[in-house]
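**Q** Got a structure here, written out as structure tokens. Questions coming.
No lab work stands behind these numbers, since they all come straight from the coordinates. Being a predicted model, the structure only gives us computed values, none of them experimental. Counting neighbours? That spans all protein chains shown, and the Cβs are built from the backbone with ideal geometry, glycine included.
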Amino acid sequence: MQNPEKRIIEFINEHHVLTLATCTENSPWCANCFYIYLEDENCFVFTSDNETKHVQDVFVNANVGGSIVLETNTVGKIQGIQFNGIMEKPEKPLAAKAKKAYLKRFPFAVLMKTSLWVVQLSHIKMTDNRLGFGKKLIWKKE
């Protein structure tokens, strides 16, 4: 599998909060999650309580979307990604790697009673106005 290009990965790694979108019974929902990105697996890792609406939604429909954005008022600096993929609980050996990496970045999470989740990415669209107004970089899983 070919990973997204370097500029997309760099943007993802510069941030730590994503907005996750789920949908069941024609009712969309969004949640904000602290994340890390595992480049070799091309997935986001985050924690969430199984009782949250977005996790309950995923038990019905694992297809998710989301975004990561740079907050700016300067049009020429606008950057952000939109993504979609499959949200799931990681299996071994990914679970151990994901937990270790997540706790390294967010050590306070060890105290939380939450579950580890991943989004296996299938599509990313990055807007980067630094490359020209409305410039898009697209990655799709083959």
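**Q** Could you derive backbone 3J(HN,Hα) for the stretch 65-80 from the dihedral phi with the Karplus parameters 6.51, -1.76 and 1.60 (θ = phi - 60°), listing whole Hz in sequence and x where the residue is Gly or Pro?
**A** x, x, 8, 9, 9, 9, 7, 7, 9, 8, 4, x, 9, 4, 9, x
**Q** Shifting gears a bit: Within straight cross-link reach of Lys141, meaning Cα distance under 18 Å, which lysines are found once same-chain residues fewer than 8 apart are removed?
**A** Reachable lysines: Lys6, Lys125.
**Q** Could you give me D for the chain, from Stokes-Einstein at 25 °C and 0.890 mPa s, where the hydrodynamic radius is the Kirkwood radius over C-alpha pairs? Units µm² s⁻¹, please.
**A** 156
**Q** Let me ask something else. For Thr52 and His123, compute 0.36 nm times the residue count separating them, minus their Cα-Cα distance, and round to one decimal in nm.
**A** 23.1 nm
**Q** If you take every residue apart from Gly85 with its C-beta less than 13 Å away from the C-beta of Gly85, what net charge results, scoring Lys and Arg +1 and Asp and Glu -1?
**A** +1
**Q** If you don't mind, there's one more thing I want to ask. At what distance in nm do the modelled label points of Arg130 and Ser67 sit from each other, each positioned 7 Å from its Cα along Cα→Cβ?
**A** With each label placed 7 Å out from Cα toward Cβ, I get 2.0 nm.
**Q** Give the span of the stretch 66-105's Cα atoms along each principal axis, as three whole-Å numbers ordered largest to smallest.
**A** 43, 24, 9
**Q** While we're here: Report Rg (one decimal) and Dmax (nearest whole number) for the stretch 90-139, counting Cα atoms only, units Å.
**A** Rg, Dmax (Cα atoms, Å): 16.3, 44.
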